[in-house]
Amino acid sequence: MKMKFWSRPTFLIIIIYLITIKRVNSSPPSLSVPEHFLRCLDTQPSDHGSPNSITAVIPTNSSFSTNLMNGVRNLRFASASTRKPEAIVAAVTEVHIRATISCCKLLNLELRIRSGGHDYEGFSYTSPVPFVILDMYNFNKIDINMKDETVWIQSGASLGQLYYNIASKSKVHAFPAGVCPKVGAGGHFSGGGFGNLMRKYGLSIDHIIDAQIMDANGKVYRNRQAMGEDVFWAIRGGGGGSYGVILAWKIKLVRVPEKVTVFKLERTVREGAVDLVHKWQEVAPVIDRDLFIRLEIKPINRRISKGKTIKVSFIGMFLGLPERLLNITKQSFPELHLTKSDCMVKKWIDSTVFWANYPEKAPIEILNKRVSTNEYYWKRTSDFVQTPISKQGLAKIFQTMIDHSPLPRRVWMQWNAWGGKMAEIASDATPFVHRGGNIFMIEHFMNWYRPGDELEEKFLAIARSFKEAMAPFVSKNPREAFFNYRDVDIGITTPGYNATYEGAKVYGDSYFKGNYLRLVKIKARFDRTNFFRSQQGIPVLA
């Protein structure tokens with residue numbers, strides 16, 4: 001019988017692994033899990049002999065709370081009862097990421113990857129089981145090549161930094177992504193990435209042409225050919241955090257005019273808001289694709305009589321000057337009564353400041369601000385509308401909003417018009433499935449500003465009740481949802497390695513519909529042990 005020998009590289013890997021385990025296990029038994037993790041980091045290969053642990057903080061460090069809270073965007077997940085990470089690693093090099101992965105595997109810790117911290121359910125910085133945060137904050141380099149109109153952007157860079165850097169090179173280039181400048185590129189792009197240029201150019205993922213990713217074994221794939229086209233497909237809308245650590249994206253810039261036009265009109269029910277919203281549904285998805293109109297629908301106190309009413313804001317982004325915009329609205333949406341005095345002409349980069357709700361005179365350098373100091377408590381979810389809502393239906397929705405809004409706290413919504421380029425891209429071109437057939441997407445908001453478990457349950461119950469009341473008006477079988485706007489109420493899997501295809505199907509179908517099975521099959525090949533996992537991650541088949 002022939003003996004089977006390991007190859008020399010495989011043999012060396014096994015020896016190194018056994019030595020590492022011995023070093024970690026030989027630590028004094030009195031060490032805590034965080035201390036074991038630090039020791040483990042320093043048993044891993046390092047950069048120029050400096051210990052990997054210098055990039056990490058643990059709960060006993062005085063800077064731990066600051067490091068944690070700098071990336072917490074929803075104070076619901078900052079309470080005393082929320083499980084804290086065993087460590088936070090602010091990686092500076094790929095070596096630090098590789099060491100973090102290795103030690104999480106050795107110590108059976110889950111890994112959470114945080115680029116901007118905007119995960120709606122806090123999955124990038126919380127877990128129900130012991131875990132470590134890999135903070136990509138320092139991976140924020142942006143390399144622009146104007147010759148071929150491309151950018152390499154690391155996953156820890158923010159959208160605001162991207163926009164600012166683009167504007168420093170060109171007045172006529174932009175990138176189709178979100179309007180919140182503090183959002184990190186890593187999560188935003190891997191979930192789809194939509195913004196006010198989507199009717200003209202589609203989503204962020206429609207302009208990603210390459211990427212770099214590290215897998216669960218610490219191997220880096222420098223381009224799409226190395227990782228394979230199936231993995232490259234999956235991470236553009238299927239959630240990169242289910243497959244590996246996204247290191248960087250290569251994106252293709254788009255062209256915009258030197259000057260664009262923005263506007264914001266407000267109308268109450270008394271001023272014809274119901275009729276205008278009804279007309280908006282008909283017009284906004286089919287109007288000239290240079291025009292994007294978002295609705296913000298909010299309950300407010302009546303100015304004269306007692307009680308509440310609804311105010312609708314029509315917020316517009318137009319790739320051109322007011323003259324052409326007014327011709328378009330007069331022909332297709334005259335009921336809006338948009339006038340030249342309503343229009344503000346800006347450079348594209350200044351329009352990003354407007355859309356971020358910064359002060360009118362704020363300098364564009366504000367886009368580089370990455371840490372917030374005024375976070376609060378909230379719940380946000382999404383819906384897709386595929387059939388126009390009748391005027392009677394709109395009136396019912398508005399009244400339901402009022403009934404669910406104990407002012408000054410309130411439920412409110414943003415309605416984002418689809419159509420244009422979005423309707424032309426096949427639903428399986430990327431994992432983002434919500435393309436043609438959708439009129440608009442809804443984002444539901446519920447905000448509050450004081451801590452407390454009872455208060456939280458009260459407002460979550462209001463948000464859930466209103467979401468249930470919206471069911472007759474939105475997509476069905478499944479009720480579709482946007483992956484970047486995660487919602488645990490759709491369903492979650494239990495912690496651990498054993499999330500199943502059927503168990504995750506409850507949210508997989510809502511987020512991805514027919515693309516879910518393909519994502520699972522790719523996961524089974526690329527991360528077969530399900531190391532990269534969360535309560536709403538992509539599972540392996542078995």
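The values are calculated or read from the model by the stated rules, or taken from the named source; none is laboratory data. Predicted model, so just to flag it, every value in this text is computed and none were measured. Cβ sites come from the backbone with ideal geometry, for glycine too, and all protein chains shown count toward neighbours. All accessible areas refer to the heavy atoms of the entire protein, side chains included, with ligands and DNA or RNA removed. Shrake-Rupley method; radii C 1.70, N 1.55, O 1.52, S 1.80 Å.
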Cysteines without a disulfide-compatible neighbour (Cβ-Cβ under 4.7 Å), the chain
104, 180, 343
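How big is Rg to Rh over segment 38-95, alpha-carbon atoms, Rh as the Kirkwood inverse-mean-distance radius?
Values: Rg = 13.3 Å, Rh = 12.8 Å.
Ratio of gyration radius to Kirkwood radius for segment 38-95: 1.04.
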List the chymotrypsin sites (Phe, Trp or Tyr not before Pro) within segment 476-542 that fall in a DSSP loop (any state other than H, G, I, E or B) and whose Cβ has at most 14 other Cβ atoms within 10 Å.
497
Bin width 10 Å, alpha-carbon pairs only: give the P(r) of segment 312-370 as whole percents, running from 0 to the bin holding the largest distance.
19, 46, 27, 8, 0
If amide H atoms are built 1.01 Å from N in the plane of the peptide, which residues on other chains or at least 5 residues away come under 5 Å of the amide H of residue 209?
250, 251, 252
About the Cα centre, and with charges only on the beta carbon of Lys, Arg (+1) and Asp, Glu (-1), how big is the dipole of segment 145-257? Nearest 20 debye, please.
400 debye
Toward the positive end of the charge dipole of segment 262-317, about the Cα centre and with charges on Cβ (Lys, Arg +1; Asp, Glu -1), which of 309, 286, 265 goes farthest?
309
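Using r as the Cβ-Cβ distance of residue 271 and residue 31, and R0 as 60 Å, what FRET efficiency do you calculate, to the nearest 0.05?
Details: r = 66 Å, r/R0 = 1.11.
Taking R0 as 60 Å, the efficiency between residue 271 and residue 31 is 0.35.
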Computed helical MRE - 222 nm, the chain, DSSP H runs ≥ 4 contributing -39500 (n - 2.57), nearest 500:
-9000 deg cm²/dmol
Within the accessible area of the chain (1.4 Å probe), percent carbon and sulfur
53 percent
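Only sites in a loop by DSSP and with at most 13 other Cβ atoms within 10 Å count here; which chymotrypsin sites (Phe, Trp or Tyr not before Pro) in segment 296-387 make the cut?
Details: sites: 314, 318, 348, 354, 355, 376, 377, 378, 384; in loops: none.
Answer by residue number: there is no such site.
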Answer check: the chain, Cα atoms, Kirkwood Rh, Rg/Rh ratio of 0.99
Rg and Dmax of segment 98-208, Cα atoms only, in Å
15.8, 50
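Taking a threshold of 27 Å on the Cα-Cα distance, which of the pairs 306/391; 346/467; 200/391; 340/369 fall above it? Please report the intermediate quantities before stating the final value.
On the way: 306/391 24 Å; 346/467 37 Å; 200/391 29 Å; 340/369 33 Å.
Where the Cα-Cα span goes over 27 Å, the pairs concerned are 346/467; 200/391; 340/369.
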For a quick check of understanding: with a 1.4 angstrom probe and all protein chains in place, what accessible area in square angstrom does residue 278 have, to the nearest ten?
60 Å²
Rounded, prolate or oblate: which fits segment 231-294, taking a ≥ b ≥ c as square roots of the Cα gyration tensor eigenvalues, rounded meaning a/c under 1.5, else prolate when a/b beats b/c?
prolate
Anchor residue 250: aspartates and glutamates whose Cα lies under 16 Å away (excluding residues fewer than 8 positions away in-chain)
143, 148, 149, 206, 210, 229
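Nearest 20 debye, what's the magnitude of the dipole of segment 394-463 about its Cα centre given +1 on Lys and Arg Cβ and -1 on Asp and Glu Cβ? Write down the numbers at each step before the final one.
Working: 7 positive and 8 negative charges, 56 e Å.
So the magnitude is around 260 debye.
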Please work out the Cα center distance from segment 118-152 to segment 384-461, rounded to the nearest Å.
26 Å
Cα atoms only: what Rg and Dmax, in Å, come out for segment 40-154?
15.4, 52
In debye to the nearest 20, how big a dipole does the chain give about its Cα centre with +1 on each Lys and Arg Cβ and -1 on each Asp and Glu Cβ?
200 debye
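Using alpha carbons only, what's the Rg to Rh ratio of segment 358-482 with Rh from Kirkwood? It would help to have the intermediate numbers written out before the result.
Working: Rg = 17.5 Å, Rh = 16.9 Å.
Using only Cα positions, Rg/Rh for segment 358-482 is 1.03.
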